[in-house]
Structures are given as structure tokens and as C-alpha cells.
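This report concerns only the one structure given below.
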């Protein structure tokens with residue numbers, strides 16, 4: 001299955017006529033993942049033709065309004081659409097109280113369960129059968145996290161001719177071997193997946209930073225990522241302002257991606273001062289060639305590798 005990444009909002013702090021506030025959707029199979037949820041995220045979802053009823057996890061990097069004030073509206077829109085399926089929300093300590101206060105003030109209750117997971121430190125956020133999401137404490141002006149979505153390794157390519165040569169009957173035995181399980185044949189022989197399959201295949205990895213200065217752990221955290229989505233709020237000439245405000249410049253983002261040996265880099269969280277973001281792209285490309293600057297509704301496809 002492919003992974004589809006849609007940038008719903010790419011602005012930093014203040015929306016513009018071209019850029020909405022931070023929100024990224026990732027679709028994989030029947031699941032949908034959202035990273036940050038700026039204001040009007042649900043409208044951006046409508047424009048991007050992103051559904052509201054899929055299995056969904058929402059990851060919030062920190063407790064600043066431009067990254068989470070879209071969440072109440074999104075949940076209310078889902079309720080008005082009579083969503084029934086659970087929504088899981090992961091974010092820093094305080095997100096639970098934030099949502100509780102809003103619901104009490106607005107006299108609003110979702111039609112579906114909202115499960116809150118508050119994160120106090122780096123580590124595993126959720127560990128599912130096919131993927132794992134981890135968080136790393138980043139370097140903003142308030143407690144904040146970067147997130148890594150990584151698929152678990154897949155079984156190697158199945159070779160039917162090898163299975164037939166070993167006398168393995170088609171059907172249940174083939175299925176078990178293709179799913180990484182050892183199989184005992186009617187004659188008592190044990191066959192392992194490595195007997196009839198190629199080497200294990202590496203899964204895809206996507207890293208989303210949220211707001212952050214560069215931080216020492218990033219290279220290891222994002223190691224070998226297929227895609228790094230990194231903030232670049234200010235250009236290199238404003239490096240001192242970026243440091244004070246807890247942000248990164250394009251060159252710093254590019255250095256982080258290079259150190260992580262990432263395959264590609266997308267810059268986002270663009271300050272409203274840049275009606276033309278080409279200067280940010282030029283600065284990043286000097287260090288990391290495979291860079292793009294995100295725009296609202298940019299879509300990327302990450303196909304399943306062999």
C-alpha cells in the first residue's frame with residue numbers, strides 16, 4: 001500500500017491568503033494520521049477531499065494555538081457528521097485539560113470516543129502490528145515533541161518456485177510463510193520464511209518536527225528517514241531571531257536532514273513575511289539538494305518499495 005502525505009497548512013503562527021496554519025495528513029490503508037491541527041483544519045480537509053470517518057490518530061507537537069486550535073472545530077465537525085469511530089489524540093501534558101475546558105464551556109460532547117494520551121517524555125507513542133510511532137523531546141520555547149512514523153520490516157519477497165521445489169502445498173502453508181511464520185509440513189519437515197523468501201524489506205519512515213531549534217538527538221531519531229518534514233520559519237539571515245523564538249532556518253533544517261541521512265526534506269511552518277519562499281529553498285539546497293518548500297495542498301506519494 002502507498003502512503004499519501006497531504007499538507008493542509010504550511011504557515012508559521014499567522015495564516016496568509018496562501019497558507020493556512022500547521023496541519024499535515026498522512027494516509028496509509030484504512031488509517032489516517034494528522035500531525036498538528038491548526039485553525040480551519042477541517043475546511044482544509046474538505047478542500048483536499050480528505051474523509052472524516054477513517055480510523056484516525058492525531059499527534060500534537062506542543063501547546064501553542066497555531067498548532068492545536070483547529071482540534072475543537074475538527075472534533076465538532078466530525079460529531080455533526082455523526083462519526084462513531086474513536087479518535088486517538090497524542091500530545092503534551094495539558095492537552096486533556098484543554099479539551100475538557102472547551103467541552104464544558106461550549107457544552108459540546110462528541111458522538112464518538114476521544115482517547116487522550118499525554119506525553120511526558122521521549123519514547124514510544126504507539127506500537128501497532130505494522131508500524132510504530134515514537135516521540136523525541138525537541139527544542140522549542142515550551143515542551144514540544146517531534147514524531148517519527150516507521151513501518152516495521154516486511155517479510156521478504158515470496159518465491160513460489162522455491163516453495164514448489166520444497167514440496168510445500170499451496171494454501172494455508174504458503175500464507176503462513178508469507179506472513180513470516182514457520183510451517184510444519186505433513187512429512188514433519190519445518191520450513192522457515194527464509195527458505196522460500198528474499199531478505200526482509202525495510203519499511204518507510206516519516207519524521208515531523210513541529211516547532212524546534214536544531215537538537216542533538218535529531219540525527220539518530222530521524223536516521224534514514226524517507227521523508228523529513230522540518231520547520232524553517234525564518235531564513236538564514238534571521239538565525240538569531242530563530243534561536244530566540246525557538247525555530248530553525250533552512251540551512252539548519254538541511255543540516256539536520258543531512259546528518260540523519262534522510263532521502264528527502266520538506267520545509268514548512270513558513271513565516272508570513274515570505275510571500276515568495278524561494279530564498280528558503282535556495283538556502284536549504286546548498287546543503288541538502290532533495291529539498292522542497294511545502295505549499296498548502298501539496299501531496300506526496302510514498303510507494304511501497306520492493
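Every read-out reported here was derived from the displayed coordinates using simple, explicitly stated rules and does not represent laboratory data. Quick caveat: nothing in here was measured; it's all calculated off a predicted structure. Quick reminder, even Gly has a Cβ in these numbers, built from the backbone with ideal geometry, and neighbours come from all protein chains shown.
Laid out as a table, the results:
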quantity: Efficiency of FRET between residue 190 and residue 30 - r from beta-carbon atoms, R0 45 angstrom, step 0.05; calculated: 0.85
quantity: The range 87-193: equivalent-ellipsoid semi-axes (sqrt of 5 x gyration tensor eigenvalues, Cα, Å); calculated: 48, 18, 9
quantity: Kirkwood hydrodynamic radius of the range 166-306, Cα pairs, Å; calculated: 17.7
quantity: Relative contact order %, the chain, counting alpha carbon pairs below 8 Å whose residues are six or more apart; calculated: 18
quantity: Spatial separation of Cα centroids for the range 256-279 and the range 5-84, in angstrom; calculated: 20
quantity: Helical contribution to [θ] at 222 nm, DSSP H n ≥ 4, -39,500 (n - 2.57), averaged over the chain, rounded to 500; calculated: -6500 deg cm²/dmol
quantity: For the chain, built as a Gaussian network whose Cα springs stay under 10 Å, the top-fluctuating residue of 169, 214, 199; calculated: 169
quantity: Residue among 168, 116, 270 with the largest mean-square fluctuation in a Gaussian network model of the chain, springs linking Cα atoms under 10 Å; calculated: 168
quantity: Cα-based Kirkwood hydrodynamic radius, the range 21-158, one decimal, Å; calculated: 15.6
quantity: Rough spin-label spacing in nm, given labels placed 7 Å along Cα→Cβ, for residue 1 and residue 170; calculated: 2.7
quantity: Structure-derived semi-axes √(5λ) of the Cα gyration tensor in Å - corresponding label in (i) 38, 20, 18; (ii) 38, 25, 17; (iii) 29, 24, 20; calculated: (ii)
quantity: Likely footprinting exposure, 224, 235, 245, fewest C-beta neighbours within 10 Å first; calculated: 224, 245, 235
quantity: On Cα atoms only, tilt of 95-106 relative to the major axis of the chain in degrees; calculated: 60
quantity: Top of 180, 91, 123 by mean-square fluctuation, Gaussian network on the chain, Cα under 10 Å; calculated: 180
quantity: Contour excess over end-to-end distance, with Cα ends at residue 295 and residue 120 and 0.36 nm allotted per residue; calculated: 59.8 nm
quantity: Extended-chain gain in nm, criterion 0.36 nm per residue less alpha-carbon gap, residue 86 and residue 223; calculated: 46.1 nm
